[in-house]
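Here the structure comes first, spelled out in structure tokens, and everything after it is commentary.
The values are calculated or read from the model by the stated rules, or taken from the named source; none is laboratory data. These numbers were taken from a predicted model, which means no experiment stands behind them. In this analysis, Cβ positions are derived from the backbone assuming ideal geometry, glycine residues included, and neighbour counts consider all displayed protein chains. Ligands, DNA and RNA are excluded from the accessible area calculation, which covers all protein heavy atoms including side chains. Shrake-Rupley method; radii C 1.70, N 1.55, O 1.52, S 1.80 Å.
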Amino acid sequence: MKDPTMCKEGHNLKKQKAPRQRMPEQDHHQRIKNFSEVPQGYTPELARLEASRCLQCKKPLCRAGCPVGIDIPAFIKLIAEGDYAGSARKLKEYNSLPAVCGRVCPQEDQCEKVCIVAKKFTSVAVGNLERFAADYERTNGAISIPELPEPSGYKVAVVGSGPAGLSAAGELVKKGHEVVIFEALHKAGGVLVYGIPEFRLPKAIVESEIEYLKKLGVKIELNSVIGKMETVDELLGNGFDAVFVATGAGLPLFMGIPGENLCGVYSANEYLTRVNLMKAYDNGHVTPILKKKRIAVIGGGNVAMDAARTALRMGTEEVYIVYRRSRTEMPARIEEVKHGEEEGLQFHLLTNPVRILGDEKGWVKALECTKMELGEPDASGRRRPVPVPNSEFLLDVDCVIIAIGTSAHPLIPMTTPGVKVNPKGNIIADEKNGQTTQEGVFAGGDIVTGAATVILAMGAGKQAAQAIDEYVRKKRPARTPAGSRRL
Amino acid sequence: MFKIVAKEKLSDVIYRTVVEAPKIARKRKAGQFVVVKIDEQGERIPLTISDADPEAGTISIVFQTVGYTTKQLSTLKVGDHILDIAGPMGHPTPVKNYGTVVSIGGGLGTALGRPITEALYKAGNHVIAIISARNKSLVMFEEEMRKISHELLIATDDGSAGFKGFPTQLLQKLIDEGRKIDLVVCVGPVPLMAAVSKVTKPYSIKTIVSLNPIMVDATGMCGACRVTVGGVTRFGCVDGPEFDGHQVDYDELMKRLKTYTEREQEMNQRFAPHEAGFQEVKR
């Protein structure tokens, strides 16, 4: 007999120890006036209470739902037992950036989606707990530097310091290799520093992760545009045994509609870069940003939400999200949409922009849109939006931010003849180990997959590091670099 | 950190600064630029590399004090450091022997176009250089240009040196005289590049212009530098900075360059107290 209140593993789903614990959040009236983080994190009490909701499944589905296979029950158990630093160490066995992933991973589509508890109640708050453990470790000075092996004598270059590059560098240095990250911008962190806003991912956290890598011995060369200053082939010829390309999907896409080059039209990348990386919100910084009254943000993903919520914090009176499908198709995380809505974003769904109108001086004065309705499902499985005849209308805006996606950064493929790309411009690399079409060159993250998530990029970095380690050791016998100390 | 090793004031508003940047010095080619961010609070601005010494590991930048950052840069002394310089950015000029090349520079543009003219000169082209200014005292880089051209023509608004009139009139004259021109290169203010392109277009003379749109990262990531070329949106930073002069939408470029005029005025007021800090080093 099958008891409907018992799950396959025999857990009783009838009773719930406690409801899912909400993270305290900054009030929305307050938070739209600042760039501080919205969710404030669990207290140890809340974290232990939440951790106690985990059923400690023997065959945990959550773990299978995690792109990097974190031993989720194990790290949660350690929190429940009060060993927060131990929990953070457990996380770091799988994920080198838990404080980041605890904040920006789409857990509701991964680990939490398949949580057994969710069959009856709401899932265990895996992401919140991950964030708690990582934050505890960082803020309590509990970060420990692992014992490093003797220098291997191999040297690896990592191009790009975003999630894929950082995780690969961390893994490689822990294997004893000399690792140099080349970053084109003046600050390390990639999309974590130029793209994701402070209120969703405080930059201090990214900085602390980067400091940790530096303590492990990773060297970071800023202002180093590989492909221009030095090519990948030159790196290989100048003493690097392998190169990991993690240059991301940073090229902003535009819609190709009339008026896109008017003054007051931004790509989301530009708007966010000005605010996040260049700190245009602070008058002490020189980088300018337009402060407009009514902004339309085109797109329905996380980047659109980030840009729109940033615009609110920049003092914009009206911020509209213009998205051509309906709410259910929006790729943004539910939490981001909810936060945006609380903060006053206005949604124009099933609305397709067709033209940006400008004044005689070349400034945006309105956005012309068409109403849409959902038709048959398209290749992505989502119902295709089709225009409603004669439904054109004007949205009165003085600034437009385009957040319809990004594509692969072309600089490395353009300057590395041995590295082949697919028709979309993404580098062709082995899914398992990141091997590209050129020996000694590996790639991972958004440059291979197209714009995806931080955790996937991180996972790719980790896998490639393993493959690079095997590659360099096979390539030539190890030699201990001159001057290195044998212990 | 990039150390300033030499500095020269070339006019009231134009400076030359030489900076230690060995990797860029080795790699840069004519037509390329760097992105400069002076300090922690600074903005990223593109500046043309006007010369480089690969052996000394230095690059030189000639710039005009127009906005906050160029003014701040003009106050930095020999021995001071610039926090961030990245490059070389953009495509180099396609240098080859075209035949006869007319190189037109206006004001600062003469210095910015100098490396391009030099490369074309060295590639065996017959180089006719046209430089222009309002009057004789403002004519700059004459000697430098003379060394890398076969003919040097000067145009001044008042006729106090060379031809009285615009450089485009000189160009038109060359065409009218039946001179065979294979390439025109123009670096300078947008109206000059637009005017030169207008002159050469009816004759289908290949014309290269070097554009100076607003940039942030200059690596192709933000799209601030969008320009319409032949009806298509291109990125000045990674697709340029040089484009076919006959295809560029100069009107749009002019408008986009004014995006932050208000903010610039505000910053100019803020900068005033520092201006006393100018220090010059004479060569």
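Here are some notes:
- Set side by side, the residues B:LYS77, B:LYS71 differ, and just one is assigned to a loop (DSSP other than H, G, I, E, B) and either away from chain A (no Cβ under 14 Å) or not acidic (Asp, Glu) (or both), which is B:LYS77.
- All positions within region A:145-181 that are among the acidic types (Asp, Glu) and not in a loop (DSSP other than H, G, I, E, B): A:GLU171, A:GLU178
- Residue identified as surrounded by 19 or more Cβ atoms within 10 Å (Cβ to Cβ), within 19 Å of A:SER391 (Cβ to Cβ) and either at pLDDT below 95 or not charged (D, E, K, R) (or both) among A:THR310, A:THR351: A:THR351
- Unique match (being free of Cβ contacts under 8 Å to residues at least 40 places away in the same chain and either within 14 Å of chain B (Cβ to nearest Cβ) or not in a strand (DSSP E or B) (or both)) among A:ALA142, A:ALA188: A:ALA188
- Top-ranked residue in region B:256-265 [being within 19 Å of the chain's Cα centre (by Cα) and open to solvent by 50 Å² or more (accessible area, probe 1.4 Å); ranked as nearest to the other protein chains (Cβ to nearest Cβ)]: B:LYS258
- Taking the criterion of being part of a helix (DSSP H, G or I) and in contact with a Pro (Cβ under 6 Å, 6 or more places away or on another chain), the only residue of region A:257-275 that qualifies is A:ASN269.
- Among the residues listed as B:TYR98, B:TYR121, the single one being outside any strand (DSSP E or B) and touching a residue at least 40 places away in the same chain (Cβ under 8 Å): B:TYR98
- Some residue of region B:187-203 being open to solvent by 20 Å² or more (accessible area, probe 1.4 Å) and touching a Lys or Arg at 6+ places or on another chain (Cβ under 8 Å): no
- Within region A:315-352, the set of residues being in contact with an Asp or Glu (Cβ under 7 Å, 6 or more places away or on another chain) and under 26 Å from A:GLY256 (Cα atoms) comprises A:GLN346, A:LEU350.
- Selection of region A:23-40 for residues being within 21 Å of the chain's Cα centre (by Cα), more than 17 Å from A:LYS279 (Cα to Cα) and either part of a loop (DSSP other than H, G, I, E, B) or aromatic (Phe, Trp, Tyr) (or both) yields A:MET23, A:VAL38, A:GLN40.
- Total residues in region A:231-240, condition touching a residue at least 40 places away in the same chain (Cβ under 8 Å) and open to solvent by 10 Å² or more (accessible area, probe 1.4 Å): 5
- Filter result (under 22 Å from the mean Cα position of the chain (by Cα) and either hydrophobic (A, V, I, L, M, F, W, C) or open to solvent by 20 Å² or more (accessible area, probe 1.4 Å) (or both)) within region A:328-344: A:THR328, A:GLU329, A:MET330, A:PRO331, A:ALA332, A:ILE334, A:GLU335, A:VAL337, A:LYS338, A:GLU341
- When A:HIS177 is tested against the conditions (1) crowded, with 24+ Cβ neighbours inside 10 Å; (2) of a type outside the set (A, V, I, L, M, F, W, C); (3) closer than 23 Å to B:ALA224 by Cβ, the lone failure is (3).
- Screening region A:386-430 for residues that are in a strand (DSSP E or B), away from every other protein chain (no Cβ under 14 Å) and in contact with a Leu (Cβ under 9 Å, 6 or more places away or on another chain) and picking the one that is surrounded by the fewest Cβ atoms within 10 Å (Cβ to Cβ) gives A:LEU394.
- Residues of region A:272-297 satisfying the condition of being farther than 21 Å from B:LEU257 by Cβ, within 14 Å of chain B (Cβ to nearest Cβ) and open to solvent by less than 20 Å² (accessible area, probe 1.4 Å): A:LEU272, A:VAL275, A:ASN276, A:LEU277
- Of everything in region A:313-323 that is charged (D, E, K, R) and not in a strand (DSSP E or B), the residue that is surrounded by the most Cβ atoms within 10 Å (Cβ to Cβ) is A:ARG313.
- Selection count where residues are under 14 Å from the mean Cα position of the chain (by Cα) and within 14 Å of another protein chain (Cβ to nearest Cβ), scope region A:193-239: 4
- Counted residues, region A:372-385 - those being in a loop (DSSP other than H, G, I, E, B) and at pLDDT 95 or above: 0
- Only one of the numbered conditions (1) over 16 Å from the mean Cα position of the chain (by Cα); (2) open to solvent by less than 30 Å² (accessible area, probe 1.4 Å); (3) within 14 Å of another protein chain (Cβ to nearest Cβ) is not met by B:LEU83, and that is (2).
One line per residue, one yes/no per condition, for (1) closer than 23 Å to B:LYS29 by Cβ; (2) modelled with pLDDT under 95; (3) surrounded by fewer than 16 Cβ atoms within 10 Å (Cβ to Cβ):
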| position | (1), (2), (3) |
| --- | --- |
| B:GLY99 | yes, no, yes |
| B:GLU118 | yes, no, no |
| B:ASN125 | yes, no, no |
| B:HIS150 | yes, no, yes |
| B:ASP158 | no, yes, yes |
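- The sole residue among A:ALA85, A:ALA64, A:ALA74, A:ALA99 that is surrounded by fewer than 18 Cβ atoms within 10 Å (Cβ to Cβ), at pLDDT 90 or above and closer than 25 Å to A:ALA451 by Cβ is A:ALA64.
- Among the residues of region A:249-271, those that are more than 9 Å from chain B (Cβ to nearest Cβ), modelled with pLDDT of 95 or more and buried (at least 19 other Cβ atoms within 10 Å of the Cβ) comprise A:GLY259, A:ALA268.
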